[in-house]
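Contents: one structure, followed by commentary.
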Amino acid sequence: MYNKKVMETFANPQNVGYIEDNDGAGKVGNATCGDIMEITIKVKDNVITDAKFRTFGCAAAVATSSVATSMVIGMTVDEALKLTNAKVVEYLEGLPPQKIHCSVLAEEAIKEAIEDYRRRQKDKENK
């Protein structure tokens, strides 16, 4: 069902964990399949310096979380907002059609973490 790249990424995921003193956190889920993704980010000078994930789900969910976090490290916040699920799928050299939703969750979790970061920045500015 999964190609070699997806299975390698699932077996050896990068960025597993949780950043305790994170600058932004995003948690998303899919009630239909039960997948839950949580992504935390660290930001310095508007650049994502670290990203970690905790995912409860299938091989595609773990693989897409790993790839999405790896892709955004080193990007500016604005660049990371442009990450699409299609880019994640392309990096993984494809996903089965019934697993594309996992890549959408990864994209959404990154965006939620960035939105959380921006909310926190506004709160700091307003103090």
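Per-structure values
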{"quantity": "Neighbour net charge for GLU90 - beta-carbon separation under 13 angstrom, K R +1, D E -1", "calculated": "0"}
{"quantity": "For q = 0.26, 0.31 Å⁻¹, Debye-computed log10 I/I(0) when each Cα of the stretch 30-82 counts as one equal scatterer", "calculated": "-0.94, -1.13"}
{"quantity": "FRET E, pair LYS44, MET1, Förster distance 41 Å, beta-carbon r, rounded to 0.05", "calculated": "0.55"}
{"quantity": "At least 15 Å along the helix axis (C-alpha) and Kyte average at least 0.5, DSSP helices within the chain", "calculated": "59-72"}
{"quantity": "Calculated [θ] (222 nm, deg cm²/dmol) that DSSP helices of n ≥ 4 give over the chain, each run adding -39,500 (n - 2.57)", "calculated": "-14500 deg cm²/dmol"}
{"quantity": "Whole-number D in µm² s⁻¹ for the stretch 4-125, Kirkwood Cα-pair radius fed into Stokes-Einstein, 20 °C, 1.002 mPa s", "calculated": "153"}
{"quantity": "Mean separation of Cα contacts under 8 Å (6+ apart) over length of the chain, as relative contact order %", "calculated": "30"}
{"quantity": "Full-stretch length increase - GLN121, GLU8 - with 0.36 nm per residue and alpha-carbon distance subtracted", "calculated": "37.0 nm"}
{"quantity": "Listed residue pairs exceeding 24 Å between alpha carbons, taken from LYS42/LYS99; LYS27/LYS82; LYS4/LYS82; LYS42/LYS122", "calculated": "LYS42/LYS99; LYS4/LYS82"}
{"quantity": "Set of aspartates and glutamates with alpha-carbon distance to LYS52 below 13 Å, sequence-local pairs under 8 removed", "calculated": "GLU20, ASP21, ASP23, GLU38"}
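Coordinate-derived values only; no laboratory data. These figures come from a predicted structure and were not determined experimentally. Virtual Cβ from ideal backbone geometry, glycine too; neighbours counted across all protein chains shown.
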